[in-house]
Amino acid sequence: MAETLSGRARELFAPLGRTYDRYARALSLGQDPRWRRFLVSRLAVGPDDVVLDVATGTAAVALELARRTGCSVVGVDQSPEMLAEARRRLLLAAETRRVRLVEASAGDLPFEDGSFDGLTGAYLLRYLDDLPAGLAELARVLRPGATAALLDFGVPPASLSRLGWNLYVDVGLPLLGRAISPGWRDVGRFLGGSIRDFDARWPLPSLLTAFREAGFEDVSARRLSLGGCLVVWGRRR
């Protein structure tokens, strides 16, 4: 049986929980925390709201949401290994009581329709096995008018920026990953092709159309870091 995108993600990142945040920051040249802050800023939520953070990983976005907005957060991830690291982090955080963790797949969320007042997902889009169906599932669990914001890597559209990006993902990432550990070596080898493939299959106009067809309106996108990151957000219709 062919390996699924979600299965590949779990295989790659499950062993990396204890080092994930440190090296995600380093390998993104310090940009990852900035991207996550921008992602959280797309949601107008407060202490009375409950937000779903899909592909929560080590709960970095979930904790940022709780700290910045005071909302409650349900963090979902398919990887028990990453959730174990998230639980360890929560033990050290003042926001522990506002974050709950659930093991589940993004494609089959164990929640009733309209359960949440907002939704975030970092580095999720590329790993949805069926992107239109996956977006529809995210829309399903949002109340009407609630915002979903999703972040992923992108391919810079400008030729000069893309030249530098190509050099980094083809040469820099594999070399740096190999210097860190065998697990990060595999990530370094994998990311460039994964990002290019998603960009080819879902160029931005098609991606925005997919959001609208899944049940979102007022869909917007912002490229960050010269296009190395893409954030898309919209309101549940």
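In summary, ASP108 fulfils each of the numbered conditions (1) surrounded by 15 or more Cβ atoms within 10 Å (Cβ to Cβ); (2) acidic (Asp, Glu); (3) more than 25 Å from TYR23 (Cα to Cα); (4) out of contact with any Gly (no Cβ under 8 Å at 6 or more places or on another chain) with the single exception of condition (1).
If the condition is being in contact with a Ser or Thr (Cβ under 6 Å, 6 or more places away or on another chain) and at pLDDT 85 or above, then the stretch 4-24 contributes TYR20, ASP21. Of ILE180, ILE195, all but one fail to be within 21 Å of GLN31 (Cα to Cα) and at pLDDT below 95; the exception is ILE180. Quick check: is even one residue across the stretch 91-113 more than 27 Å from ASP218 (Cβ to Cβ), in contact (Cβ under 8 Å) with a residue 40 or more places away in the chain, out of contact with any Asp or Glu (no Cβ under 7 Å at 6 or more places or on another chain) and not aliphatic (A, V, I, L, M)? Yes, the stretch 91-113 contains at least one residue that is more than 27 Å from ASP218 (Cβ to Cβ), in contact (Cβ under 8 Å) with a residue 40 or more places away in the chain, out of contact with any Asp or Glu (no Cβ under 7 Å at 6 or more places or on another chain) and not aliphatic (A, V, I, L, M). Here GLU81, GLU64 are screened, and the one residue that is out of contact with any Gly (no Cβ under 8 Å at 6 or more places or on another chain), acidic (Asp, Glu) and in a helix (DSSP H, G or I) is GLU64.
Within the stretch 26-37, does at least one residue satisfy the condition of being aliphatic (A, V, I, L, M), over 12 Å from the mean Cα position of the chain (by Cα) and open to solvent by less than 40 Å² (accessible area, probe 1.4 Å)? Within the stretch 26-37, one or more residues are aliphatic (A, V, I, L, M), over 12 Å from the mean Cα position of the chain (by Cα) and open to solvent by less than 40 Å² (accessible area, probe 1.4 Å).
If you go through the stretch 51-70, how many residues are surrounded by fewer than 24 Cβ atoms within 10 Å (Cβ to Cβ), under 17 Å from THR147 (Cα atoms) and in contact (Cβ under 8 Å) with a residue 40 or more places away in the chain? Reasoning before the result, please.
Initial filter on the stretch 51-70 (surrounded by fewer than 24 Cβ atoms within 10 Å (Cβ to Cβ)): 60, 64, 67-70.
From what is left, the residues that are under 17 Å from THR147 (Cα atoms) are 64, 68-70.
Then drop every residue that is not in contact (Cβ under 8 Å) with a residue 40 or more places away in the chain, which leaves none.
Residues that pass the stated criteria total 0.
Those residues that are closer than 14 Å to VAL54 by Cα and either open to solvent by 10 Å² or more (accessible area, probe 1.4 Å) or in contact with a Pro (Cβ under 9 Å, 6 or more places away or on another chain) (or both), I need them from the stretch 132-148; list them, please. Please lay out each step first, then the result.
The first filter runs over the stretch 132-148 and keeps only residues closer than 14 Å to VAL54 by Cα, leaving 134-142, 147-148.
Matches in the stretch 132-148: ALA136, GLU137, ARG140, THR147.
For the stretch 212-230, the set of residues classified as within 16 Å of the chain's Cα centre (by Cα) and buried (at least 22 other Cβ atoms within 10 Å of the Cβ) consists of GLY228, CYS229, LEU230, listed by residue number.
Listed here are the residues, each with its yes/no results for (1) of a type outside the set (A, V, I, L, M, F, W, C); (2) within 23 Å of SER225 (Cα to Cα).
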{"position": "ARG22", "(1), (2)": "yes, yes"}
{"position": "ARG25", "(1), (2)": "yes, yes"}
{"position": "GLU85", "(1), (2)": "yes, no"}
{"position": "ALA104", "(1), (2)": "no, no"}
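Kindly evaluate ASP152 against the criterion of being acidic (Asp, Glu), under 21 Å from ARG10 (Cα atoms) and open to solvent by less than 10 Å² (accessible area, probe 1.4 Å).
Values: acidic (Asp, Glu): yes; under 21 Å from ARG10 (Cα atoms): yes; open to solvent by less than 10 Å² (accessible area, probe 1.4 Å): yes.
Here the answer is yes, as ASP152 does meet what is asked.
The values are calculated or read from the model by the stated rules, or taken from the named source; none is laboratory data. The model shown is predicted, which means the values in this text are computed figures rather than measured ones. Every residue, glycine among them, receives a Cβ derived from its backbone with ideal geometry; neighbour counts consider all protein chains shown. For accessibility, only protein heavy atoms count, side chains too; no ligands or nucleic acids. Shrake-Rupley method; radii C 1.70, N 1.55, O 1.52, S 1.80 Å.
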